[in-house]
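A short write-up of the structure that comes next.
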Amino acid sequence: MSFSWQEILMAPEQSLREALEVINTQASRVVLIVDKQTQLLGVITDGDIRRALLNNLGLEVALSEVMNTSPICAEVGTPKEQLIETMEQKGILSIPVVRQGKVVGLQTLKHVLSKPKFDNPVFLMAGGFGTRLRPLTDHCPKPMLQVGNKPILETVLKSFVKAGFSNFYISTHYMPEQIEEHFGDGSQWGVEIEYVHEESPLGTGGALGLLPKSMRRDLPLILMNGDVLTKVDFARLLEFHCENGADATMCVREYEYQIPYGVIQGEGSRITDMVEKPIQRFFVNAGIYVVSPEVISSVPFNHRIDMPTVLEQRIAKGKDVLMFPIHEYWLDIGRMDDFNRAQVDIRSLGMG
């Protein structure tokens, strides 16, 4: 039996009897005590209820009298590994998830230990020419270049499979037969793969208009360039997108650029400030997106368009387009030095 974390929120003035009813109904083993703004005040577990009864407090006592007012909790975005470690070290089965003290969820040990499964489609872009990697790409599409002991695209696919995704679409254009021969229908990885062929290059977003009508249109889709190596948490990315009700989410990566000169600021001819070789920081597009079904429907059939333009159009219509900063390993294999670096990195990443 599963439960919704919203159903286990209770007010401090409610009774222990009511908490017991919620725990029994929801099979949650815990209730979260919150104020009217859902600020976490404390928790009560089934063990707390038993201890209260042993102390003759009775079932009508207010929850504020027996709750644990210093519960262990986790901020939104805490990695799964850290949640597991905390729960195992503290001997607890669940952790409230908060954002600035307000409850936004509950993670249970059973849930984080189980392998998740997602029905969301994943669309991998693999149609590019890879001209900057010639002569390696003269007779091989870039996503099929070997990094470690397998093609880049296979490493990308297996990262999604490991995260619990099983419905894949791959866009092709340049030497599509090599990709289709290698991946087939996906059965060797226990997944389903369909191919979307671009007769002429449609940009990074145009292939969305070629997706088959049979694809599920009620779930967000993850779109990713097939030449990116990353350890990003795809499940957390999808969770972020859904939690925030986004129309689209773009993964971004912080990029630093150091100006090689002293930068001078002034008013008229008077110098007001001097900064020697300042570092500028920007967020750059990481080539990974989550898009709602409405975004997919907005791209016409066989229409050339890049993803940034698709998102600009959604922003112009007042839609919520969010960014998801990634701090995990990320490498866009666009140039020869990136390709050589990937050959070294793949061994330490455990992705080879």
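Ranked by the mean number of other Cβ atoms within 10 Å per residue, highest first, peptides 271-284, 291-304 order as 291-304, 271-284. Report the paramagnetic label zone for Y329: residues of the range 190-229 whose backbone N is under 15 Å from a point 7 Å from Cα along the Cα-to-Cβ axis. Inside the label zone: 228-229. Computed extension length for Q188-I84: 34.4 nm, one decimal, from 0.36 nm per residue of separation with the Cα-Cα distance subtracted.
In this entry, the range 204-291 is assigned a mean projected area of 9.9 nm², taken as a quarter of its C-alpha convex hull surface. Distance from the Cα centroid of the range 209-241 to that of the range 276-321 is 14 Å (rounded to whole angstrom). For the pair E75 and R50, the difference between a 0.36 nm per residue extended length and the Cα-Cα distance amounts to 6.1 nm. Radius of gyration (Cα atoms) of the range 291-352, expressed as a multiple of 2.2 N^0.38 Å: 1.61. With 31 Å as the limit, write out which pairs from K90/K231; K36/K319; K150/K277; K150/K317; K117/K150 have Cα-Cα distances beyond it, or answer none. Over 31 Å apart, Cα to Cα: K150/K277; K150/K317. Projected over every direction and averaged, the convex hull enclosing the alpha-carbon atoms of the range 239-329 yields 9.8 nm². Sorted largest first, the principal axis extents computed over the alpha-carbon atoms of the range 93-230 equal 54, 36, 32 Å.
Helices from the chain with mean Kyte-Doolittle at least 1.0 and a Cα length along the axis of 30 Å or more, per DSSP H: which? Span-like helices, by this rule, are absent here.
Find the percent of Cα-Cα distances in the chain that exceed 34 Å, and round it to a whole number. Taking all Cα-Cα pairs of the chain, the fraction more than 34 Å apart is 42 percent.
Protein heavy-atom accessible surface, 1.4 Å probe, per residue over the chain: 53 Å². Taking 1.306 mPa s as the viscosity and 10 °C as the temperature, the Stokes-Einstein diffusion coefficient of the range 278-317 based on its alpha-carbon Kirkwood radius rounds to 131 µm²/s.
Highest mobility in the GNM of the chain, judged by mean-square fluctuation with C-alpha springs under 10 Å and restricted to R335, R99, R270, is found for R270. What part of the accessible area of the chain, given as a whole %, is carbon or sulfur when the probe is 1.4 angstrom? Roughly 50 percent of what the probe reaches on the chain is carbon or sulfur. Taking only alpha carbon atoms, the range 155-215 gives an Rg to Rh ratio of 0.96, where Rh is the Kirkwood radius. S166 sits among other residues whose Cβ lies under 10 Å from its own Cβ, and their net charge, with Lys and Arg +1 and Asp and Glu -1, is -1. If the elastic network links every pair of Cα atoms under 10 Å, which of M87, M224, M323 fluctuates the most in the Gaussian network model of the chain? Evaluated over the chain, the most mobile residue of the options is M87. Model label points for H303 and E181, set 7 angstrom from Cα along the Cα-to-Cβ axis, are 3.6 nm apart.
Once the chain from F129 to Q37 is taken as fully extended at 0.36 nm per residue, the excess over their C-alpha distance is 27.8 nm. Taking amide H positions as modeled 1.01 Å from N, with prolines and chain starts lacking one, the residues under 5 Å from V147 and 5 or more places away or on another chain are I152.
The values are calculated or read from the model by the stated rules, or taken from the named source; none is laboratory data. Computed from a predicted structure; not experimentally measured. Neighbour counts are summed over all protein chains in view; Cβ atoms, including those assigned to glycine, are modelled from backbone coordinates with ideal geometry. Quick note on the areas: whole protein, heavy atoms, side chains included, nothing else; ligands and nucleic acids left out. Shrake-Rupley method; radii C 1.70, N 1.55, O 1.52, S 1.80 Å.
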